[in-house]
Amino acid sequence: MKRWLAVLIFFWVTPALAADVEFQSGITQQMFRDFSEEAGAVLLYRAVGPAAPLGLLGFDIGVEATATKIHDGSDYWKKAIKDQNPPTYIIAPKLHIQKGLPLDFDVGLVYSKVPDTNIQYLGGEVKYAILKGGAVWPALAVRGSYSQLFGVDQLDFKTYGLELTASKGFGVGVKIIPYAGLGQHWFESKPKNLSAGVNLNKESFSLTRGVVGARLQLALFAVTAEADYVEVPSFTLRVGLTW
């Protein structure tokens with residue numbers, strides 16, 4: 001766990017190379033599709049937490065960073081980035097809040113600005129706990145999500161997700177809560193305001209996401225580490241307060 005935290009903190013505090021999205025002359029439709037699939041792994045909504053509901057008075061407020069390993073040596077990234085020198089990892093710091101509602105529903109919002117780029121996005125979720133979980137039974141929840149890119153003049157990008165997550169807590173006072181999930185995400189990637197000589201069309205597609213993670217809970221303080229895979233791997237570290 002200490003090694004995981006050290007790696008993610010390094011990603012968080014290390015500035016990314018400048019990587020404004022701006023499509024270059026010579027990019028093909030297939031390159032745009034390949035770029036869009038990996039960009040989707042950066043921009044989709046991540047709940048970063050277990051399945052159990054927060055409860056009517058519950059809040060989960062935190063900051064987090066997701067590091068997504070892209071194929072930075074590929075032509076489709078070089079042709080999609082202004083300086084044609086993409087970083088190996090795209091690092092997205094985020095502000096994240098989730099609120100419990102009646103009837104075992106939760107809602108959540110996230111905002112992210114990728115450093116040294118024009119990439120910003122907002123996302124949201126609605127989660128329903130099919131099983132609350134207990135001493136014997138795990139918690140089980142279904143989640144619908146949405147995210148929207150903004151700040152990029154040449155790209156309109158949306159994601160939609162539907163996931164199933166299971167989790168089981170262990171311990172009293174200090175708790176460890178492993179969780180895992182599987183879901184399907186749908187993407188709409190639409191180029192716009194393209195430079196002269198660049199001709200691209202909208203791409204729509206879906207990808208499967210698998211995720212594993214664990215939360216360490218000490219009273220109100222929580223640390224969550226998560227790894228997931230959607231075309232490329234991503235790693236997330238979250239710290240915050242939950243009650």
Give me the lysines in straight-line cross-link reach of LYS202: C-alpha distance below 22 Å, same-chain residues under 8 apart excluded. LYS78, LYS79, LYS82, LYS158, LYS190, LYS192
Working out 0.36 nm times the residue gap between LYS132 and THR208, then minus their Cα-Cα distance, what length gain in nm do you get to one decimal? 24.8 nm
What length, rounded to one decimal in nm, is gained on full extension from PHE105 through to ARG33, with 0.36 nm per residue of separation minus their alpha-carbon distance? 22.4 nm
Round to the nearest 10 and give me the degree value, 0 to 90, for the angle of helix 2-13's Cα axis relative to the longest principal axis of the chain. 40
Within the under-9-Å Cβ sphere about GLY100, not counting GLY100, Lys/Arg +1 and Asp/Glu -1 give a net charge of -2
Can you tell me the orientation of helix 29-43 relative to the chain, as the angle in degrees between its alpha-carbon axis and the longest Cα principal axis, to the nearest 10? 30
I'd like the FRET efficiency for LEU241 and GLN184, computed as 1/(1 + (r/R0)^6) with the beta carbon distance as r and R0 of 22 Å, rounded to 0.05. 0.10
Below 11 angstrom from the Cβ of GLN29, what's the summed charge of the other residues (Lys, Arg +1; Asp, Glu -1)? 0
What are the aspartates and glutamates whose alpha-carbon lies under 18 Å from the alpha-carbon of LYS69, with same-chain residues fewer than 8 places away excluded? ASP20, ASP34, GLU37, GLU38, ASP116, GLU226, ASP228, GLU231
Please list, or write none, the lysines whose alpha carbon is within less than 16 Å of the alpha carbon of LYS94, excluding same-chain residues fewer than 8 places away. LYS113
Counting Lys and Arg as +1 and Asp and Glu as -1, what is the net charge of the other residues whose Cβ lies under 13 Å from the Cβ of GLU226? +2
Which order do peptides 130-137, 102-109, 209-216 fall in by mean Cβ count within 10 Å, highest first? 209-216, 102-109, 130-137
Counting other beta carbons within 10 Å of each Cβ, put ARG33, ARG238 in order, fewest first. ARG33, ARG238
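Every number in this text was worked out from the coordinates using simple rules, so none of it is lab data. Quantities reported herein were computed from a predicted structural model and do not represent experimental measurements. Using ideal geometry, Cβ is built from the backbone for each residue, glycine included, and neighbour counts are taken over all protein chains shown.
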